[in-house]
């Protein structure tokens with residue numbers, strides 16, 4: 001773990017010989033024409049960089065306000081693309097700070113990295129006819145359920161007599177969906193999976209290649225039959241249509257793409273088009289203008305500058321054409337920049353370390369503190385203390401940057417000791433919220449036939465009241481625990497609990513209370529004793545039981561469960577599950593709890609309020625455009641950051657090279 005005091009990440013500053021090129025407000029041509037005629041794409045790309053030591057969004061907002069601050073309508077004519085929705089929100093806040101609260105008509109700010117709502121992303125930018133001509137994107141859960149059915153059909157066709165459980169098929173389908181997204185993101189045609197030379201690989205790889213025909217041959221047929229598209233494929237086509245439109249009819253106003261490195265080919269094409277627009281600009285985050293030519297040519301895929309090198313190659317631009325954002329000070333002699341540049345030097349040029357000026361080391365390490373923790377718990381505690389200390393200075397901000405989700409959760413929990421709720425960019429796992437936990441405990445209880453531990457977990461849950469007051473309900477739960485659940489284990493099922501209670505004297509009230517609870521559980525119990533049942537039936541019975549048990553003497557179960565952001569998100573998830581449940585067909589009810597767990601993986605909620613405004617937890621991508629007074633790099637352990645390249649469950653390295661997929665080192 002490393003805590004850096006000052007202005008955040010390493011610095012890359014351009015040489016002083018660079019001269020900034022920039023369009024000026026006076027050059028804007030209303031209506032798209034001027035004396036020279038219609039706007040046209042330029043041959044000279046307009047590419048800038050803002051050093052990593054500075055906040056990209058703050059400098060961008062400051063520069064635009066300097067140019068357009070006198071015209072209240074000028075800002076609204078600018079279109080700005082940023083990598084994520086969070087970056088877009090950060091830029092809006094930067095405009096507010098830079099304008100000191102003055103009312104503004106802000107530029108139109110759109111996120112490039114979110115594919116969930118492409119129509120909203122490109123609405124008003126791309127003509128409606130082009131977007132409407134494409135089929136809608138398939139819903140993520142619908143896609144996974146359809147792929148699960150294909151997985152089961154493939155196993156049935158093998159004639160082995162064994163089929164994967166429903167939850168196992170769902171997990172395999174989720175991994176196939178990731179491969180689909182990866183191939184479509186990198187624009188690798190699915191049919192290239194059929195071109196793999198199977199004789200070059202071991203037998204188990206040949207089985208895998210045959211299995212992948214699910215997405216190479218069968219999946220396109222399913223999409224055509226349902227009249228939908230994969231989300232990534234649709235995003236690629238929408239961005240491609242925008243590129244084609246702007247290549248022939250450039251927009252009349254300024255267009256800026258900031259903070260993106262073009263790692264997605266479709267995004268890189270858009271950045272290339274924007275850089276060549278008459279009023280277009282691409283702003284690269286932390287581009288190293290001072291790196292020597294030998295090192296530049298020796299960059300490997302894991303180097304932080306490699307992505308921008310590939311983008312410049314796609315733009316047919318030389319790195320000397322990247323200019324420092326105007327009005328920024330040139331600081332090529334910054335010791336920390338120099339040291340970090342040397343630390344990231346490619347292995348082929350490390351002989352240059354012999355010429356390193358050792359006098360820069362101490363100034364470069366100023367205000368940097370390194371902490372070696374023995375455990376994740378200790379590390380989280382130290383980070384929480386640093387953040388808590390930061391709050392003692394009014395207006396001072398702190399950010400934890402880490403890809404380690406366990407460390408992030410532990411840090412957030414440690415901060416709650418001081419009643420501090422921190423903003424986590426990854427959100428909170430939906431499965432861990434109280435309402436989702438309650439639903440998971442219910443099906444676990446039914447599956448385990450009301451075993452004492454799982455039964456008490458439900459009875460003592462704060463949401464469980466079964467029509468009475470929660471206090472009275474838990475008093476009965478404690479009585480039953482003492483009466484029959486702490487001795488010999490009762491027989492399974494509700495009948496076993498009833499029989500054990502009948503053996504106790506003076507337990508009439510307790511027995512009546514239990515019978516009310518058991519009666520509410522009968523519908524889902526009836527489904528679980530069947531050999532096969534529809535997913536929709538199970539989900540409906542599950543939700544009905546949860547609402548019945550959550551009902552109090554004052555509130556209905558639906559009011560108790562589905563309130564708040566977690567309740568609304570879970571209700572939307574269950575509604576989606578019920579809408580597509582018929583796609584899976586009948587299944588053994590015993591597989592339902594594991595299937596529900598698998599479907600909840602990846603579902604998260606992002607609280608919209610109640611978080612501390614000066615503290616945040618960020619992933620490496622979100623941190624690219626975020627700066628704080630105290631920046632903490634957490635989880636700097638091999639395998640976590642940088643992450644292990646790992647092994648792909650579907651394609652080995654030679655296979656990836658054959659089909660044209662990038663090697664896993666690019667993720668580092």
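Just so it is clear, none of the values below were taken in a lab; they were calculated from the coordinates. Keep in mind the model is a prediction, meaning the values are calculated, not measured. Cβ: placed from backbone, ideal geometry, glycine included. Neighbour counts: every protein chain shown.
Summary table below
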| item | result |
| --- | --- |
| Percent antiparallel among DSSP beta bridges (both partners in the chain, rounded to 5) | 30 percent |
| Approximate spin-label separation residue 416-residue 621, in nm, with each point projected 7 Å along Cα-to-Cβ | 2.7 nm |
| Residue 197-residue 576 FRET efficiency (beta carbon distance; Förster radius 56 Å; 0.05 resolution) | 0.85 |
| Förster radius 30 Å - calculated FRET efficiency between residue 637 and residue 292, Cβ distance, rounded to 0.05 | 0.45 |
| Coarse-grained scattering of the stretch 431-603 at q = 0.12 Å⁻¹, given as base-10 log I(q)/I(0) from a Debye sum over alpha-carbon atoms | -0.55 |
| Using alpha-carbon coordinates, inclination of helix 85-98 to the longest axis of the chain, degrees | 60 degrees |
| Extent along principal axes [Cα atoms of the stretch 482-523; Å; largest to smallest] | 29, 21, 14 |
| Percentage relative contact order, the chain, counting C-alpha pairs under 8 Å, at least six apart | 23 percent |
| Angle between the chain longest axis and helix 434-447 axis [Cα atoms, degrees, rounded to 10] | 40 degrees |
| Estimated FRET transfer efficiency when R0 is 22 angstrom, pair residue 518-residue 554 (beta carbons, to 0.05) | 0.40 |
| Approximate spin-label separation residue 504-residue 371, in nm, with each point projected 7 Å along Cα-to-Cβ | 4.9 nm |
| Ranking of 419, 167 by count of other Cβ atoms within 10 Å, fewest first | 419, 167 |
| The chain - mean residue ellipticity at 222 nm from DSSP helices (-39,500 (n - 2.57) per run, n ≥ 4, rounded to 500) | -13500 deg cm²/dmol |
| Span from the the stretch 320-369 Cα centroid across to the the stretch 512-572 one, whole angstrom | 61 Å |
| Degrees separating the helix 564-579 axis from the principal Cα axis of the chain, which is the longest one | 80 degrees |
| Kirkwood Rh (inverse of mean 1/r, distinct Cα pairs), the chain, angstrom | 28.8 Å |
| Whole-number Å³ per residue for the convex hull built on Cα positions in the stretch 140-228 | 105 Å³ |
